[in-house]
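Comments concern the structure below.
The values are calculated or read from the model by the stated rules, or taken from the named source; none is laboratory data. Given the structure is predicted, the values throughout are model-derived calculations rather than measurements. Every residue, glycine as well, gets a Cβ built from its backbone with ideal geometry; the counts of neighbours run over all protein chains shown. Ligands, DNA and RNA are excluded from the accessible area calculation, which covers all protein heavy atoms including side chains. Shrake-Rupley method; radii C 1.70, N 1.55, O 1.52, S 1.80 Å.
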Amino acid sequence: MVALRPTRAPALGDQLAGVLRDQIVRRTLTAGTHLVEDTLAAEYDVSRGPVRDALRQLESQGLVESRRRGYFVVGLTQEDIDDLYELREAIELVAVAKAMERVTADQVKAGRAIVQEMTACADRSAAAEFADADMRFHALLYEMSGNRRLIDVWKSYEPVFASIIQLTVEEDVDLHPSAGDHGHLIDLLEGNDPEALRTELRDHLGGARARMARAVQALNEAADSGQAS
């Protein structure tokens with residue numbers, strides 16, 4: 001896979017953080033790697049300011065840590081992924097429960113439009129675009145809840161989940177079932193069965209966690225194979 005480089009834009013630190021985050025999640029940057037500001041600035045043709053911004057973001061997300069000699073990659077273990085999905089399940093269950101009480105027709109329409117977009121992405125096996133739509137769908141669930149504290153928690157971890165979801169959708173040979181699951185969530189939001197909605201969401205997130213576990217295993221096996229050769 002060709003690593004994407006950030007383009008020049010006002011939020012250059014955000015873009016660089018995204019590039020490095022994907023590399024950490026995919027094990028291209030392994031745990032213990034020393035991230036040198038000058039080296040990163042030269043590699044990506046940016047000043048040290050955006051590099052510092054990117055590293056601070058990654059530190060706040062628990063992917064790197066600051067030591068006396070600079071920043072080092074912490075990585076993302078299976079335990080970390082389990083912790084993230086436990087947190088996500090806890091807050092998303094609250095979000096959909098509140099969303100069911102106050103969802104509007106316009107929000108339902110927006111959700112169905114995203115599902116249609118996901119189906120179109122599945123038709124052409126566009127995994128990256130599907131992952132982007134997936135993230136927007138779940139962000140909409142938090143918006144539907146109307147709870148700005150829940151939204152703030154989601155936004156703080158959203159970039160990490162964006163990288164994770166990109167990996168999980170790549171695990172799916174056929175993305176249509178996943179698109180259908182999202183459509184079913186919208187159907188349940190319009191209904192009057194909170195328990196059915198909670199069950200569906202738990203199953204949905206459990207499936208995503210299982211696919212991520214397989215992806216992590218494959219990455220670890222590839223890394224072990226590379227070291228052996």
* Selection status of residue 12, of a type in the set (A, V, I, L, M) and in contact with a Lys or Arg (Cβ under 9 Å, 6 or more places away or on another chain) -> no
* Structure fact -> Of (1) free of Cβ contacts under 8 Å to residues at least 40 places away in the same chain; (2) on the phi > 0 side of the Ramachandran plot, residue 146 satisfies every one except (1)
* When residue 108 is evaluated against the numbered criteria (1) open to solvent by 30 Å² or more (accessible area, probe 1.4 Å); (2) closer than 29 Å to residue 144 by Cα; (3) hydrophobic (A, V, I, L, M, F, W, C), which criterion, by number, is the only one it fails? -> (1)
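What do you reckon, is residue 46 open to solvent by less than 50 Å² (accessible area, probe 1.4 Å) and part of a helix (DSSP H, G or I)? Outline the logic, then answer.
Working: open to solvent by less than 50 Å² (accessible area, probe 1.4 Å): yes; part of a helix (DSSP H, G or I): no.
Taking the combined requirement at face value, the residue does not satisfy it.
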* Just for the range 114-128: of the residues that are polar (S, T, N, Q) and either in a helix (DSSP H, G or I) or at pLDDT 95 or above (or both), which one is most open to solvent (accessible area, probe 1.4 Å)? -> 116
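I'd like the full set of residues that are in contact (Cβ under 8 Å) with a residue 40 or more places away in the chain and open to solvent by 10 Å² or more (accessible area, probe 1.4 Å), limited to the range 129-143.
Just the residues of the range 129-143 that are in contact (Cβ under 8 Å) with a residue 40 or more places away in the chain, to begin with: 130, 134, 137-138, 141-142.
Across the range 129-143, the qualifying residue is only 134.
Scan the range 49-85 for residues that are assigned to a loop (DSSP other than H, G, I, E, B) and over 30 Å from residue 213 (Cα atoms) and jot them down. Walk me through how you get there before you give the answer.
Within the range 49-85, the first condition is being assigned to a loop (DSSP other than H, G, I, E, B), and the residues that meet it are 61-63, 68-69, 74-77.
Listed by number, the residues that qualify are 68, 69.
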